[in-house]
Every structure is written in C-alpha cells, then in structure tokens.
There are 2 protein chains.
Amino acid sequence: MLAVERRRLIAENLRSRGVVSVAEMAGLLNTTEITVRRDLRAMAKEGQLVRAHGGAVLPAPIGHEPSYSEKARQAGAEKASIAQLALALILPGDSILLGPGTTTLALARLLGEIPELTVVTNSLLVAQALMASTRVEVILTGGTLRRSIHALVGPAAEDSVRALRASKAFISGNGFTPERGLSTPSPLVAATDRAFAGAAQQVVVLADHTKIGQDTMCQTVPTARVHTLITDSGADPALLAAIREAGVDVRVAGPGSNERHERLASAS
Amino acid sequence: MLAVERRRLIAENLRSRGVVSVAEMAGLLNTTEITVRRDLRAMAKEGQLVRAHGGAVLPAPIGHEPSYSEKARQAGAEKASIAQLALALILPGDSILLGPGTTTLALARLLGEIPELTVVTNSLLVAQALMASTRVEVILTGGTLRRSIHALVGPAAEDSVRALRASKAFISGNGFTPERGLSTPSPLVAATDRAFAGAAQQVVVLADHTKIGQDTMCQTVPTARVHTLITDSGADPALLAAIREAGVDVRVAGPGSNERHERLASAS
DNA sequence: ACGCCATCGATCAATTTCGATCAATAGCGG
DNA sequence: CCGCTATTGATCGAAATTGATCGATGGCGT
C-alpha cells in the first residue's frame, strides 16, 4: 500500500466520521500504529486534521470565540427547537434575511439542505455556519465589525440591506414585550435590525423565553411590524396571549418537539 | 511493446483505480520497474499524474482541492516574512484595504498592536484574525460569499469599496508578471481586487515567489498601477529587475530579513 | 491526589525505493 | 555492412519509508 493511498483513506474516514483513532486506522490499513501516527503528524502539519490523544479530529472550520460559543451552548436545546420551528417557514427558492444572535445562528445551521436558498446576513457566525453548505448562496452585508456579537453594523450595513428585498427576515434581540415589540441595548444593532425588518415582506422574531417580557433601551421593531414570533414553552402564557392580541402569530416550540440532543460530554 | 502503448495502459489503470504502484505495473506490462519508473517520471512532467513513493496517483482527486487551511500552512515562513516587510508600510492612524489571500491574512495577524488603524477587507478570515484586536476598527465590504477563498465578491462588494478611500491597498493574487501585472483566475475576484486598487492611493501587492512570473486568466491590476511589490527571496531576479524597470518599488523579504525590519513588531 | 496505563516522541535498524551511471539491444540511415 | 542513436535493462550508492524499542508525558480511574 502506497503512503499517499493510506493518507487518502485516513482523510476519507476523517471526513465521513469526524474522528479517527490511531489503533482503528492501523487495523483498517494493515499497518502499525507507528506509521499511522506519523501520517497523522504529517497531515496535521498540513492542516488537514488536528491531532488529539489517541487519534485526530477534523480541524475546527475557523476559531470560535469562547465567550460567544459558551453562550450558544447555554440554552442549546431550546434554541434548537425554536430554530426547528422557524425552519418550517423557509421554502426552497426563498431569499431570507438572518440577523445576528445565537438563535438565528442555530437556524442557520439547519439551512444546509434547502435548495435554491439565498441568505443575507450581517453575522459572521451565520456566514461561517453556512460556509460548508454549498447549495446556499450567502450574501453578507457590509459594515463595521461589532466584536461582541460578531456582526456587521453601522450605516454601511443599513445601506446594503436597504438595497435588497427578501421574503422573510429572521431577527432576534434582547427583549420582546407586547407594548414595545423587539428591543436591544445597542442603538447601532437596533438600526441594523430595523433595516432588516424594513427589507422583508415578513418579519419573524426568534426569541427564547428569557427574552419575553424583557425591555431594553432601543426598540428595533414595533409589535405591529412583527408577523411571527417563535419562542419556547418557558415563556409566560399571559404575555404570549397579549402579543397574540396585538396581531402577532405566536408559535411555541416545546422542548420535546425535536429531541435528538444527546450529550455524551457532560463530564466537565 | 511500444513505449506509448505502455504509457497508455498506465494512464488507464491510473484513471480507473486512482493509484498505481511501480511493481504492479512492471508485472502487468512484462517489463522492469526501472522502465515503469522512467515512464512515470515522464508522465509526471507532463502533468498526467503525480509521483509518489512506490507509485503514482491522480493529479486532482476530484473534490479535494488544496483546502484553504492547507495552503495557509504551506509556505508559512515565507509569507510571514513578506507580511513583516509589509507591516513597515503601515502607520498609526492609517486606513488600509486588505484583500483576500493567505499572505494578506498573515499581514492581518500582525496588525493587532497598531493604534488608530482602520482595516477594510472582504475576507472573512482577515476579519476573524482581527476579531481579537480591539484597537483596530474592522470594516467588511458586503457581497456574495465565495467559499473557496472565504471572501466576499460581486457587485455589492465592489460598490461598497468604491464608496471608500484608503491610503493603501494590500492585495494578493495568483500571478504577477512584468507585462500584465497582477492576475487571478476568477473574474469575480479580479473585479473586487480592481475595486480595491481603485480606492487606494497606493497599491501594494503581496506575492510570494511562486506567483512571480505566473500569469492567469484575469488581470486585476496592471503593473503601472502597482506602487510596491513585496515578495520573498525565492523569486527570479531577472523578473524582479524587469518589474523594477516598470517603475514598481520591489522589496524582497528574505528568510533572514526579519531582523532588519523589526522596529515595532518584535513581540509576536 | 496518586498511581497505572495508554499514548507519544525520538532514535536505531531493516527494507524498499529512487536516481544515476553504465552496458546491451534494436531500429535507422548512409 | 557499418556506425549512430534511442530505448531498455542492470548495478550501486543514497534516500525514504517502515517497524521496533525506550524513556517521557498525559489522561483516567480509584
């Protein structure tokens, strides 16, 4: 067996399963662990994989900010079920706007298989999540990088959104009340979100239960402009009723609606 | 058996299975390994296959082009020394444009400590690299995501660049010749690079020695528009002389030239 | 926290493969 | 018929790959 052949098989196994172990590859390739280890070391130097004790894993696409990804994991299950519900609103051939936020990011991760989809976003993380989904066309707005949310804001972002029209906008925020609608602490972010809402025929707000009833400094979209609110079952029913009263199509994602989130790494 | 016949059989075997080994072919063709080796060497020179220890493989295993991260590791040292040299051109308070490419990315990694710097880029990787550098203001152009280079291209990208003015543009490409200047294989990328060059008072091209003398499909910037070319010591001196003749300030970063140019960037 | 065990990295030896030089054979033209 | 050249085959030293062993390191269970 040629060396290149061996490495190609290792790369193949790695891509299909995400991880390979030294012993496993040694058995599969009819060679010793030493050789596999050397191959892995060489491939790691080329950036094809990342070495780990006992094997190797796929390289992280691009580095993630720990603080942000931590937050993303926090209420992962709830956000994922909200995203699942939002996914049903997206049809093949759609053009959608996707704002920044962990919930919209969860939605972005589900979009890979939708054909003919165009996604406009100002979130670098959304763009990154869609990097591997070659079927989806991704358009980023321009703008100034706002590090805390990994997104582009400012006049340039607003202008580039204003030049577009999309069928639906999926945006998030830090608070949602029946009276004031969606709100966020930063005026810059609010202005961008407002531009998103203005460029879409339908405005869909994704907000987990911790946001419902909260109000923060800047109103981004008034309740009257919101067509659909997707939240999870932890939200106060009275508030949801009031929001429905205002004409919003409120949808509640239950934690049990899509339960396939088994964690094996709970030991930390 | 004729030589051409032999090589045709080798090519056939290679296409059908992806790999051939020297010993195997020698047995199959009723000839010696020496002859097979000679054939492989000749065919490799023609680009029909890629030589490997003990045999040969197909040149482009479809779908596995050198991934971006692979390329980034490839000539890391040379690119880093080019970036070091480019760093000297950047002053506090500058506004610069940074194109996509592994060399410009290397430069981006060095910019963290420059105060009052504004960086405009269409590369997600550059933005990512500057994510941690809170002193630097990062502006992304809008545009359509081009996955192969992790950058934003298209009319939207060009428009947003045209709305700006910067003191210097640092761009890269796939080839640079004295006659045609900087070139790249993709028309979309070329158009964006051209917009970058048009928006800057000074155009600085970063190109390692493998690019010098290469010419690819789309010219991005003619030699006359390039003020400075930074390359490494592996480049052909005759070509560099011709480029200098055309009025370009050519600077060569040697492996040892880091010491000469480390004014403010000694800690990195 | 401690100790055990798997894993890792480095070095050495054995085998294979590579490249270069030299000899032999076949085809070709004069 | 003779000489020339191109191709093929052979041999040898050099280089690369592979496998094994040993000390060191890190992870994991108790």
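The values are calculated or read from the model by the stated rules, or taken from the named source; none is laboratory data. In this text the structure is predicted, and so the values were computed from the model without any measurement. When we count neighbours, we look across all protein chains shown, and the Cβ atoms used for this are built from the backbone with ideal geometry, even at glycine. Note: areas computed on protein heavy atoms with side chains; ligands, DNA, RNA excluded. Shrake-Rupley method; radii C 1.70, N 1.55, O 1.52, S 1.80 Å.
Before moving on, here are some points about what is shown:
- All positions within the stretch B:151-169 that are charged (D, E, K, R) and either more than 9 Å from every other protein chain (Cβ to nearest Cβ) or under 23 Å from A:ILE149 (Cα atoms) (or both): B:GLU158, B:ARG162, B:ARG165, B:LYS168
- Of the residues B:ALA26, B:ALA3, the single one that is away from chain A (no Cβ under 14 Å), modelled with pLDDT of 85 or more and within 11 Å of DNA strand D (Cβ to nearest atom) is B:ALA26.
- The residue that is farthest from A:LEU105 (Cα to Cα), among those in the stretch A:159-174 that are crowded, with 22+ Cβ neighbours inside 10 Å and within 21 Å of the chain's Cα centre (by Cα), is A:VAL161.
- Condition check for B:THR121: within 9 Å of chain A (Cβ to nearest Cβ) and either under 30 Å from A:ARG135 (Cβ atoms) or in contact (Cβ under 8 Å) with a residue 12 or more places away in the chain (or both): no
- Pairs with Cβ under 6 Å, 6+ apart, first in the stretch A:77-101 and at positive phi, second open to solvent by less than 40 Å² (accessible area, probe 1.4 Å): A:GLY101/A:SER172
- Applying the criterion of at least 2 residues that are not assigned by TED's automatic domain parsing to the domain that holds A:GLY154 to the strands (runs of 3 or more DSSP E) found wholly in the stretch A:182-246 leaves an empty list.
- Inter-residue pairs, beta-carbon under 6 Å, first at pLDDT 90 or above and in the stretch A:244-263, second of a type in the set (A, V, I, L, M), 6+ apart: A:ARG244/A:VAL250; A:VAL248/A:VAL226; A:VAL248/A:LEU229; A:VAL250/A:LEU229; A:VAL250/A:LEU240; A:VAL250/A:ILE243; A:ARG251/A:LEU85; A:ARG251/A:ILE230
- Condition met for B:GLY213 (of a type outside the set (Asp, Glu), open to solvent by 30 Å² or more (accessible area, probe 1.4 Å), at pLDDT below 90 and in contact with a Leu (Cβ under 9 Å, 6 or more places away or on another chain)): yes
- Taking (1) within 24 Å of B:GLY154 (Cβ to Cβ); (2) open to solvent by 10 Å² or more (accessible area, probe 1.4 Å); (3) within 14 Å of chain B (Cβ to nearest Cβ) in turn, A:SER148 satisfies each apart from (1).
- Among the residues making up the stretch B:41-57, those that are within 14 Å of DNA strand D (Cβ to nearest atom) and within 12 Å of chain A (Cβ to nearest Cβ) are B:VAL50, B:ARG51, B:ALA52, B:HIS53, B:GLY54, B:GLY55, B:ALA56, B:VAL57.
- The residue pairs whose first member lies in the stretch B:128-141 and is more than 7 Å from chain A (Cβ to nearest Cβ), whose second member is charged (D, E, K, R), and whose beta carbons are closer than 7 Å, counting only pairs six or more residues apart or on different chains, are B:ALA129/B:ARG109.
- Annotation note: of A:ALA72, A:ALA80, the sole residue that is assigned by TED's automatic domain parsing to the domain that holds A:ALA106, at pLDDT below 80 and either exposed (fewer than 14 other Cβ atoms within 10 Å of the Cβ) or in a helix (DSSP H, G or I) (or both) is A:ALA72.
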